[in-house]
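Structure first, then comments.
The values are calculated or read from the model by the stated rules, or taken from the named source; none is laboratory data. It should be emphasised that the depicted structure is a prediction, and the values quoted were computed from it without experimental measurement. Here Cβ is always computed from backbone atoms with ideal geometry, including for glycine, and neighbour counts include all displayed protein chains.
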Amino acid sequence: MTADVSSPQGRQVTQREAIAAARVRVTADRRLKRTTPAWIVDLANKGRTAGQR
Amino acid sequence: MDLFDAAGWREFALSPGFGGLAAVIAASIAYAGVRRTTRHQREAARKQQWWERAHWALDLTLQDDLEARLVGLNVLDALAESGYAAEHEIELVLAATESALDRYEDQLAAGSVLIDDAHFDQDDMPGGQES
């Protein structure tokens, strides 16, 4: 199911989009030798696990 | 003949052998300079390509179409891995993800995560619920 949901604060972020953004964030933080918040790492890993199904 | 006296050096400096050696050294210096310039030009061109691709990917992340946004984010992920992405470039990539992750975090807190892919089970959701 894919749907665009608008809210006053802006477009709602879907889980797939959040996972893709999390993967970018993890890559960028790794390149900059920064620590990524745990929930973002978990989100990025969730995407990798789902992609292997 | 003592090789290290002044007359010996003068004789060597005027010899064809010295002329040949000087020519080789001059050619080597010129070659190194050309190589360095070429390498810098090639790196500048690659960097320019990186920015053009980043511009394209950033445009995609702002589209209304979800699939386009996903492509944009995946391209940014690849660009962040590139050896041509220095700290400044990676900071730009980070900035592109900030808004989406901030909003998603707010949605998680509010329990209003939008599941948009049949591959994800309800059990996978990080504390939110399907809206």
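Worth pointing out:
- Set B:A100, B:A85, B:A96: member being under 28 Å from the mean Cα position of the chain (by Cα), at the interface with chain A (Cβ under 9 Å from one of its Cβ atoms), in a loop (DSSP other than H, G, I, E, B) and at pLDDT below 95: B:A85
- Of the residues in segment A:20-40, none is part of a helix (DSSP H, G or I), modelled with pLDDT under 90, surrounded by 12 or more Cβ atoms within 10 Å (Cβ to Cβ) and facing another protein chain (nearest Cβ under 7 Å).
- Taken as a whole, the condition of being within 19 Å of A:R16 (Cα to Cα) and not aromatic (F, W, Y) applies to B:V75.
- Number of the condition not met by B:R39 [criteria: (1) charged (D, E, K, R); (2) closer than 15 Å to A:T14 by Cα; (3) not in a loop (DSSP other than H, G, I, E, B)]: (2)
- Verdict on B:A45 being surrounded by fewer than 14 Cβ atoms within 10 Å (Cβ to Cβ), among the aliphatic types (A, V, I, L, M) and within 24 Å of A:A38 (Cα to Cα): no
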